[in-house]
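The values are calculated or read from the model by the stated rules, or taken from the named source; none is laboratory data. Please read these numbers as outputs of a predicted model, since none were measured by experiment. For neighbour counting, all protein chains shown are included, and Cβ atoms are generated from backbone atoms with ideal geometry for every residue, glycine included.
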Amino acid sequence: MKRRGKIKTWGCLLMAMFLVLGTAGCGSQEKPARVLSLMEGIEPLQNKSQKPDEEFYDQVSNFSVTLFQKICTGEKSEMAAPLSVLAALSMTANGARGGTLEEMLQVMAGKMKLEDWNSYLSACLAGQGEELSVADSVWFRDGLEVQKDFLQANADYYQAGAYQGPFDEETRGLINEWVEKNTHEMIREALKEIDGSTVMYLINALAFEGKWETVYQEGSVREGVFTSKDGEAQTAEMMHSMEYRYVKAEQGEGIVKPYKGGRYGFLAVLPDEGVKVEEFVSSLTGEKLRALLESQETTSVQTTLPAFSYDTNLMLNQILSEMGMPSAFEAGAADFNGIVKNGGIFVEYVSHSTHITVDKEGTRAAAVTIVAAGESAALPEHEISFDRPFFYAIVDLENNVPVMLGTVTEI
């Protein structure tokens, strides 16, 4: 996207990703001489984080549900990783000033001050356990004079590395290498090209790996039928198990499958007959989602869940503007003087890419698998077959907040 005149532009790139193996670093790898680190003299300060309170988790849930409601149309399977979006926007907000900052804070943090929000989100991201890894970096075009306070704040709260280079094919290759490494090689070419007007990228990479607490055995995975949103009967690999965490929503019912270790879970909700998956999503609020997670009943549920895998790529400019932060995208109105003094930069675009795979091993979904005990097992109290469009979320069971949200409308 090219702009005329003397106004410089800034593109913001968000990456969200679920992966199978490994952990992600903070991106402080060595670079060729043409792309230099800007971290000289900048050391992340300790004790900048503080334990999140319930107001923070309520705000994260509200943001997550609102964001996903605007993404979910029911036309296809969709997914979002709100924590990744919040991390990148929060780094951006550390360079915002005036009305631009006020709008961004209102959308992300409600009534919280920026320093409090940063300290809570920093602790939240740092305390996610070995299943979830997060990395952040900022990349600048040569010639841009960056405010040191901006680099320091993002190093303090998000351990973000900062680099500067010519923004040519070599720089694009290095950015894609960073993304590939920190998404465990699941996103290989996040940046297709660098526009001549773009002067900066903020990148967040979020990777999740979870194994089912009980892996599906060979006999419990059989070919079955999934009925898509259009009524098409699709052949699918259906995974059968007995689950023991049941949830009842206003317009549906479902289960929570905990991952090995118990910190995370895979929430799956099948809307009631006659209720479309997008209608169920529209009925949610952050408060209702947290309440649903808190209302888990211990009872037996004969469960049939399809294996699935898909990718999504989204542009979030319009969605974020509609949520209440339009100034960031407006040349002449955006105020990011905390990044470059009197720079006149604004956000060109916010892109969000995701991948999810759910299979018999668990991989990228929060869950535990319990295999049916055979003929001698007690009859289940409930039976749920996720053989038509459904809603799911990867959730933090310690704090009852979503990490990722999605829908499956076809296999």
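Checking the condition under 27 Å from TYR57 (Cβ atoms) and either in a loop (DSSP other than H, G, I, E, B) or at pLDDT 90 or above (or both), which residue from GLY374, GLY406, GLY332, GLY338 passes?
GLY406
If you check GLY161 against the conditions, is it at positive phi and either among the aromatic types (Phe, Trp, Tyr) or touching a Gly at 6+ places or on another chain (Cβ under 9 Å) (or both)?
no
What strands (runs of 3 or more DSSP E) completely inside segment 252-306 contain at least 2 residues that are under 16 Å from ILE394 (Cα atoms) and hydrophobic (A, V, I, L, M, F, W, C)?
Ranges flagged: 252-258, 264-271.
Against the definition (surrounded by fewer than 20 Cβ atoms within 10 Å (Cβ to Cβ), modelled with pLDDT under 95 and either assigned to a loop (DSSP other than H, G, I, E, B) or of a type outside the set (Phe, Trp, Tyr) (or both)), how does VAL225 come out, yes or no?
So VAL225 does not fit the description; no.
How many residues does segment 296-309 hold that are within 19 Å of the chain's Cα centre (by Cα) and either buried (at least 18 other Cβ atoms within 10 Å of the Cβ) or more than 30 Å from HIS240 (Cβ to Cβ) (or both)?
The number of residues fulfilling the criteria is 1.
Residues being over 16 Å from VAL401 (Cβ atoms) and either under 22 Å from the mean Cα position of the chain (by Cα) or part of a helix (DSSP H, G or I) (or both): count how many of those fall in segment 123-155.
Of the residues in that region, 15 qualify.
Does VAL85 satisfy being over 28 Å from GLY196 (Cβ atoms), under 16 Å from the mean Cα position of the chain (by Cα) and not in a loop (DSSP other than H, G, I, E, B)?
No.
Check LEU293, LEU284 and return the single one that is touching a Pro at 6+ places or on another chain (Cβ under 9 Å), touching a residue at least 60 places away in the same chain (Cβ under 8 Å) and surrounded by 14 or more Cβ atoms within 10 Å (Cβ to Cβ).
Within the list LEU293, LEU284, the selection yields LEU293.
Do you know which of the residues in segment 310-328 that are part of a helix (DSSP H, G or I) and in contact with a Ser or Thr (Cβ under 6 Å, 6 or more places away or on another chain) is surrounded by the fewest Cβ atoms within 10 Å (Cβ to Cβ)?
That would be SER327.
Would you check if SER122 is of a type outside the set (A, V, I, L, M, F, W, C), farther than 17 Å from ASP335 by Cβ and touching a Phe, Trp or Tyr at 6+ places or on another chain (Cβ under 6 Å)?
In short, yes.
Could you identify the single residue in VAL107, VAL138, VAL85, VAL134 that is touching a His at 6+ places or on another chain (Cβ under 7 Å) and not aromatic (Phe, Trp, Tyr)?
VAL85
For segment 207-221, state whether one or more residues are in a strand (DSSP E or B) and surrounded by fewer than 22 Cβ atoms within 10 Å (Cβ to Cβ).
Yes, segment 207-221 contains a residue that is in a strand (DSSP E or B) and surrounded by fewer than 22 Cβ atoms within 10 Å (Cβ to Cβ).
What is the residue count in segment 62-108 for residues that are of a type in the set (S, T, N, Q), closer than 30 Å to VAL408 by Cβ and either surrounded by fewer than 24 Cβ atoms within 10 Å (Cβ to Cβ) or without any contact (Cβ under 8 Å) to a residue 12 or more places away in the chain (or both)?
Adding up the residues that qualify gives 5.
From (1) more than 24 Å from the chain's Cα centre (by Cα); (2) in the same structural domain as ASP53 (by TED's automatic domain parsing); (3) exposed (fewer than 15 other Cβ atoms within 10 Å of the Cβ); (4) part of a loop (DSSP other than H, G, I, E, B), pick out the condition that doesn't hold for ASP230.
Tallying (1) more than 24 Å from the chain's Cα centre (by Cα); (2) in the same structural domain as ASP53 (by TED's automatic domain parsing); (3) exposed (fewer than 15 other Cβ atoms within 10 Å of the Cβ); (4) part of a loop (DSSP other than H, G, I, E, B), ASP230 fails exactly one: (2).
So, in segment 249-269, exactly how many residues are surrounded by fewer than 23 Cβ atoms within 10 Å (Cβ to Cβ) and of a type outside the set (Gly, Ala, Ser)?
So the count comes out to 5.
Take the conditions over 26 Å from THR357 (Cβ atoms) and either part of a helix (DSSP H, G or I) or touching a residue at least 60 places away in the same chain (Cβ under 8 Å) (or both) and apply them to PHE167. Does it pass?
no
In segment 14-50, which residue that is touching a Phe, Trp or Tyr at 6+ places or on another chain (Cβ under 8 Å) and at pLDDT 70 or above is nearest to ARG188 (Cα to Cα)?
If we take residues in segment 14-50 being touching a Phe, Trp or Tyr at 6+ places or on another chain (Cβ under 8 Å) and at pLDDT 70 or above, then VAL35 is nearest to ARG188 (Cα to Cα).
Being more than 20 Å from ARG245 (Cβ to Cβ), at pLDDT below 95 and in contact with a Phe, Trp or Tyr (Cβ under 9 Å, 6 or more places away or on another chain) is true for just one of THR312, THR369, THR357. Which residue is that?
Only one candidate passes the filter, namely THR357.
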